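Below is one structure, written out as structure tokens, with a few remarks after it.
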Amino acid sequence: MHLARFPRLKIAHLPTPLEPLQNLTRLLGGPNLWIKRDDCTGLGTGGNKTRKLEFLAAEALAQGADTLITQGAVQTNHGRQTAAIAARLGLRCILLLEHRVATDDPDYLKNGNVLLDRLFGAELRELPGGTDMNAAMEPVAEEVRRAGGRPYTIPGGGSNEVGALGYVGCALELVHQANEQGLVIDHIVHATGSAGTQAGLVAGIAAMNARIPVLGIGVRAPRERQEANVHALACRVAEKLGLRSGIDRSAVAANCDYVGEGYGIPTPAMVEAVQLFARHEGILLDPVYTGKAAAGLIDLCRRGFFAKGTNVVFLHTGGAAGLHAYRAVFERASDRGSGSGG
Ligand SMILES: *Cc1c(COP(=O)(O)O)cnc(C)c1O
């Protein structure tokens, strides 16, 4: 595998730090917890989509595109990072936003990522919940073409075999950091949604033969479907990398027990996780992805899923801009004084 063979822009602030979570390690009394700070990738408040967009936007420029089109839920972090990279590159950006979360909370509809999308100059188009969003991009691309533009469409979450290369790179970076520090990583845990992050990590780890298990904590789909999506994409990434061994189905593990009622719908465990990270580590998680992933991590620590003394790396995939969209949820939680003795 030789990642430099694939066109890539250098935009993310890399390497992102790998740091110990000393206070949470002590508090939870289980494995040694570490955090990989991909919330600090530096583009438009950062997050995991930036690594993917380095490869996707490079391909867009190589094709002579002048417009980026992508899609997501109203509070999509991927849309926000796409809007920021488009601004940086001088490209037009059209974001299709699905009303996937049923709410009329003005903070959800206008604040957080939506406020930032507008600041970055993106054009926002809203569609009802349940729309086939990847299909909905095609007529928009056609409209851009008819007006003489050159569109480049990016699938939801930037999750195809090009975007996932960003997380092959992250796997290389993380293993290199661990080698430098003499740290043996026993598990990587992170939020999994559109599957590109986990697929890239799994393919990168397989390519290095690093043998580190990756556990994706789901935020939307049930486990079988999530694992199938990740595995299918990881196989395509492996093929792109020329990995002859392919990807073993057993290398893909997701736990979807922390979704709650659905995508973007808060759970008490998410609120507790966001509060724990904020109050004990000064680190901001997000309500839709990392808060639920950390709720899973915390619960699995409490249940003894990870042996004491093992090293567990939580990959922080960003999203804190979304906190502002969920103001009421955290205000209510603070009023109740919850937060596990924080
Ligand atoms: C998109 C996103 C994820 C999930 O990554 P996928 O590659 O879509 O699986 C996790 N955390 C945050 C904050 C995200 O924005």
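FYI, it's all coordinate maths here, none of it is from the lab. Only a predicted model underlies this, so the values are computations on that prediction, with no experimental measurement involved. Positions of Cβ are backbone-derived with ideal geometry, glycine not excepted, and every protein chain shown enters the neighbour counts.
Details
- Max mean-square fluctuation residue, GNM over the chain, Cα-Cα springs under 10 Å, options A273, A199, A65: A65
- For K49, the lysines whose Cα comes closer than 19 Å to its Cα, not counting residues fewer than 8 places off in the same chain, are K10, K36, K292.
- DSSP H segments from the chain that extend 20 Å or more along their own axis, Cα-based, with Kyte-Doolittle mean of 0.0 or above: 165-181
- Förster-model FRET efficiency, 41 Å R0, A210 and A87, C-beta, rounded to 0.05: 0.70
- For the range 145-303: rounded, prolate or oblate by the Cα gyration tensor [a/c cutoff 1.5]: oblate
- Convex hull volume per residue in cubic angstrom - Cα atoms of the range 144-183: 78 Å³
- Per-q log10 I(q)/I(0), the chain, q = 0.08, 0.12 Å⁻¹ (Debye; single scatterer per alpha-carbon; no solvent): -0.35, -0.81
- Computed on the Cα atoms alone, the convex hull of the range 79-144 gives a volume of 82 cubic angstrom per residue.
- All C-alpha pair distances within the range 187-265, sorted into 5 Å bins from zero, spread as 3, 19, 29, 23, 14, 7, 3, 1, 0 percent across the bins.
- Taking a point 7 Å from the Cα of M1 along the Cα-to-Cβ direction, the residues of the range 217-238 with backbone N closer than 17 Å to it are 230-238.
- Here the convex hull built on the C-alpha positions of the range 79-210 has a volume of 151 cubic angstrom per residue.
- Annotation: Cα Rg of the range 1-57 relative to the compact-globule expectation 2.2 N^0.38 Å equals 1.47.
- Translational diffusion coefficient of the range 237-306 (Stokes-Einstein, Kirkwood radius from Cα pairs, 4 °C, 1.567 mPa s): 93 µm²/s.
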